[in-house]
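Some notes on the structure that comes next.
Just so it is clear, none of the values below were taken in a lab; they were calculated from the coordinates. Computed from a predicted model, the values in this text were never measured in an experiment. Cβ atoms come from the backbone with ideal geometry, glycine included; neighbour counts cover every protein chain shown.
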Amino acid sequence: MRREVGGTLAGVTALLVVTGCTPEGRADRPAVAVTSPAASASTTVDAATLATGPEADEVPRPVRCVPGEAHMSEPTPTPSGPDDVVVGPVVWRGLKAMATGDPAAFGYQDTDGGHYKIGVGIQAGATVTVMIGPEARGYAGLKYGQAWGYRPVAGVRFSACPDDDTWFVGGFFVKGRRCVPLDVTAEGAPPVRVVVSLFAGPCPD
C-alpha cells in the first residue's frame with residue numbers, strides 16, 4: 001500500500017507564514033532559521049547559498065533537501081484531507097480550497113499578478129518534477145526555491161529528504177483567476193496531468 005505524503009498541518013502553516021513567498025521573501029533578506037516542535041526544519045539562507053551560474057535559470061529548477069532551502073522534514077505522515085491535491089508522491093495541502101477562496105487570504109497581488117503561498121509535500125526519498133502546462137506558462141508559474149527568491153518558474157524538480165516526507169515552502173504565481181494545468185512526473189513513472197483552480201471555480205479535468 002502506498003504511503004500518502006502528509007504532515008502536521010500546524011507546523012507546515014507556521015513555516016509558511018514565516019518563510020513563504022511574501023513581498024519580503026527576497027533572496028537578499030537576512031538569514032532566518034525556524035524550528036517547529038512537530039518537525040525539524042532547515043530554512044536558513046545567506047549570500048553563500050544563492051544560486052549563480054547556469055543553475056540560476058535552470059528549468060526545471062532543482063529544489064532539494066539541503067541546507068539553505070526552506071523545507072521541513074515530517075517523520076510521521078498523516079492522511080491527506082478533502083481539500084488536498086495528491087498526485088502520486090506529491091501533495092498540496094488545502095489547494096482545492098483556493099478554487100472558491102479569497103485571493104487575499106492566500107497571498108498578495110502586484111502589477112505582475114497574484115503571488116499565493118502553499119507548501120508542497122514530497123514523499124520520503126522521492127524525486128518529482130512539476131511543470132506548468134505549456135499552454136499556461138504565459139500566465140502561471142511555480143514559486144519554489146528559496147535561493148532564487150521564490151521567483152516564478154515554469155518547472156521545479158523536487159528531491160525529498162531520504163528518510164522523511166519533506167515539505168518545501170513556496171506557492172504559485174498567476175495572472176487573474178485561472179485553471180492551471182500541472183504535469184507531474186515522479187522518477188521512473190509516466191507524467192500525470194492535474195488541473196488546479198486558482199480562484200477560478202470548478203475546472204475541467
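Sort the stretch 60-198 into rounded, prolate or oblate with this rule: let a ≥ b ≥ c be the square roots of the eigenvalues of the Cα gyration tensor; rounded if a/c is under 1.5, and if a/c is not under 1.5, prolate when a/b is larger than b/c, oblate otherwise. Since a/c stays below 1.5, the shape of the stretch 60-198 is classed as rounded.
As a rough guide to protection, the peptides 107-116, 150-159 ranked by mean Cβ packing within 10 Å, highest first, stand as 150-159, 107-116.
Distance between the 7 Å Cα→Cβ label points at ARG177 and THR78: 3.0 nm.
An oblate overall shape is assigned to the stretch 139-193, the ratio a/c of its alpha-carbon gyration tensor axes (a ≥ b ≥ c) being 1.5 or greater and a/b not exceeding b/c. The distance between label points at ALA104 and ALA189 comes to 3.9 nm (points 7 Å beyond Cα on the Cα→Cβ vector).
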